[in-house]
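One structure is given below, encoded as structure tokens.
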Amino acid sequence: MLLLTATTFAAASGIHYQTPMLGAMAAEFGADSAAIGWIPTASFGGFLTGILFLVPLGDRVDKRRLIITQHLATIGALLAAAAAPNLTAAAVSGFLIGMCACYAQVIVPMVAEFAPPNERGRAVGTVLTALFLGILFARLSGGFVASQLGWRWMYVLGAALLAVLAPALIARLPHSAPKTTLAYPALLASMVKLMRMHAEMRRVVLIQLLLGICYGGFWATIASMLLATYGLGPNIAGLIGIPGAAGILIARPAGRWLDLRGHGPIVATGIAVIVAAYAVFALGTWWAPALAAGAALLDCGLRAAMVANQTVINSLAADARSRSNTVFGVSVWTGNAAGAFIASSAFAHSGWLAVCAIAALAAALALGVQLRAMRT
């Protein structure tokens, strides 16, 4: 668990180093804000590509082999980003980092496979805590290293962190027997069959899609809101990420509660906290600290629901955990993307309160779906 937790932390960090460094990269490449946006777009596009086309292989091949291969490939992608001579090369490197570093989503089903059923929630919660910590670490360290040493050194240090872990992975990572002999095209197609077979999977996917709208919508518009309402720049918007990482403190306790009480109460409570978060966000129109408080509530609610739902997903089909985790990841990232688009359009046309109303409605619909499932 210690090795898998450390590896998840390092893998999740690799995708997010670029977030606070985009300004420095834009200055070096002479790119405007629209052009530099291709770097995070390519990184997250690569991550989604990896989830969709590589993570399902965890059911077809030894997960150890898949994780180590992607781990080593991520080191190469990070070093390529450090040496990128222009914006195009940086964007391509970002795509490769995202695609290779998605193996954290192979580690989650591996942990679920090896953990005893009565401790599965706590084990998944522990790994997801490392993932959330990795994202926070990347956002903080990326800004610090870029300002002190230059943005290229952050990629070098990220590659070094992975390289330190590589010998331990090769020596200690356990083997995981393949769960299916399906050919690759049939393996991908079988994810649709899984959705048809498991009503609970369809419910989890719908809830995470709706919660992704809430999460993606907030982070896509908070910087614009702070600038338009209070005249605050990107530095303050970045600091919102600190209270916005409060879910790190929730993930592992949520896993323990899941083992004791089942997933239903945790998901319902998490969604209710998200509804409350948007009520607090609405006050941010008149009182700026409400935005930080709401960010903490949003992240706590989302992480609690995510730990419970991801544990459920990885418990439905023991021979298809990687494919199940792919379905889960696609629903989360699709919701984030949809939320960013919807919220950005709503903010441009109707302002911050419209963003809050749309997200609160999405969370209320998710809560209705969960409560109905608990009643039946």
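The values are calculated or read from the model by the stated rules, or taken from the named source; none is laboratory data. Treat the numbers as computed from the prediction; the structure is a model and nothing was measured. Note: ideal-geometry Cβ built from the backbone for every residue, glycine included; neighbour counts use all protein chains shown. In case anyone asks, the SASA skips ligands and DNA or RNA and just uses the protein heavy atoms, side chains included. Shrake-Rupley method; radii C 1.70, N 1.55, O 1.52, S 1.80 Å.
For this structure, a couple of remarks:
- Residue check, V204 open to solvent by 20 Å² or more (accessible area, probe 1.4 Å) and farther than 22 Å from A80 by Cβ: no
- Taken over the stretch 22-36, residues that are at pLDDT below 80 and open to solvent by less than 20 Å² (accessible area, probe 1.4 Å) amount to 1.
- Helices (runs of 4 or more DSSP H) wholly inside the stretch 224-292 that include at least 3 residues being surrounded by fewer than 22 Cβ atoms within 10 Å (Cβ to Cβ) and either at positive phi or modelled with pLDDT of 75 or more (or both): 248-261, 263-283
- Of all the numbered requirements in (1) buried (at least 19 other Cβ atoms within 10 Å of the Cβ); (2) over 15 Å from A101 (Cβ atoms); (3) among the β-branched types (V, I, T), T8 misses one, and that requirement is (2).
- Test: residue in the stretch 313-324 that is at pLDDT below 85, of a type outside the set (G, A, S), open to solvent by less than 10 Å² (accessible area, probe 1.4 Å) and in a helix (DSSP H, G or I): yes
- Of all the criteria given as (1) surrounded by fewer than 24 Cβ atoms within 10 Å (Cβ to Cβ); (2) under 26 Å from A282 (Cβ atoms), the one not satisfied by G339 is (1).
- Residue list for the stretch 68-111, restricted to those being β-branched (V, I, T), touching a residue at least 12 places away in the same chain (Cβ under 8 Å) and under 27 Å from A24 (Cβ atoms): T74, I75, V92, I97
- The helices (runs of 4 or more DSSP H) found wholly in the stretch 73-185 include none carrying at least 1 residues that are open to solvent by less than 40 Å² (accessible area, probe 1.4 Å) and touching a strand residue (DSSP E or B) at 6+ places or on another chain (Cβ under 8 Å).
- Residue match in the stretch 38-46 (condition: among the β-branched types (V, I, T), surrounded by 18 or more Cβ atoms within 10 Å (Cβ to Cβ), at pLDDT 95 or above and touching a Leu at 6+ places or on another chain (Cβ under 8 Å)): no
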